[in-house]
């Protein structure tokens, strides 16, 4: 994978890498914001649940203890449900905060709750 990309005018010029190569993960992307670079990204404030395994450790205890000043959280609700189930994600905005939750309506199960993103 290399950092050469074609920006599509239909979308905001924001880039987030999937399984990034450390050589260019936080590098400058001409014409776009790379959210894997400062000030949007810090390894100390990043958690991902890739393949039902929390990279850098499960954040539950740290979140409950309010130990994060801020956290960039990448979740994959689809890996926490059964094959063939449909996930419904609801989002609502209050000023610069977007809240969200994901559910499997057929089972009445919430797979992601109290999601919150701050728009800067």
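Quick check, is residue 101 touching a strand residue (DSSP E or B) at 6+ places or on another chain (Cβ under 8 Å) and at pLDDT below 80?
no
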Open item on the list: I'm told residue 15 meets every condition in (1) over 18 Å from residue 119 (Cβ atoms); (2) touching a strand residue (DSSP E or B) at 6+ places or on another chain (Cβ under 6 Å) except one. Can you identify the failing condition by its number?
Closed with: (1)
Task: Members of the range 18-41 that are surrounded by 10 or more Cβ atoms within 10 Å (Cβ to Cβ) and either closer than 18 Å to residue 119 by Cβ or in contact with a helix residue (DSSP H, G or I) (Cβ under 7 Å, 6 or more places away or on another chain) (or both) - done: 32, 33, 34, 35, 36, 37, 40, 41
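Closer than 20 Å to residue 36 by Cα and in a loop (DSSP other than H, G, I, E, B): does that describe residue 85? Write out each step before concluding.
Values: closer than 20 Å to residue 36 by Cα: no; in a loop (DSSP other than H, G, I, E, B): yes.
Criteria not met by residue 85.
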Open item on the list: Being assigned to a loop (DSSP other than H, G, I, E, B) and within 25 Å of residue 19 (Cα to Cα) is the filter here; which residues of the range 47-68 pass it?
Closed with: 49, 53, 54, 56, 57, 58, 59, 68
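Go through the range 26-35 and report how many residues are in contact (Cβ under 8 Å) with a residue 12 or more places away in the chain and in a loop (DSSP other than H, G, I, E, B). Explain how you work it out, then say what you get.
As a first pass, look at the range 26-35 and keep what is in contact (Cβ under 8 Å) with a residue 12 or more places away in the chain: 26-27, 29, 31-35.
Add one more test, that the residue is in a loop (DSSP other than H, G, I, E, B), and what stays is 26-27, 29, 31-32, 35.
Final tally of qualifying residues: 6.
The values are calculated or read from the model by the stated rules, or taken from the named source; none is laboratory data. Computed from a predicted structure; not experimentally measured. Cβ sites come from the backbone with ideal geometry, for glycine too, and all protein chains shown count toward neighbours.
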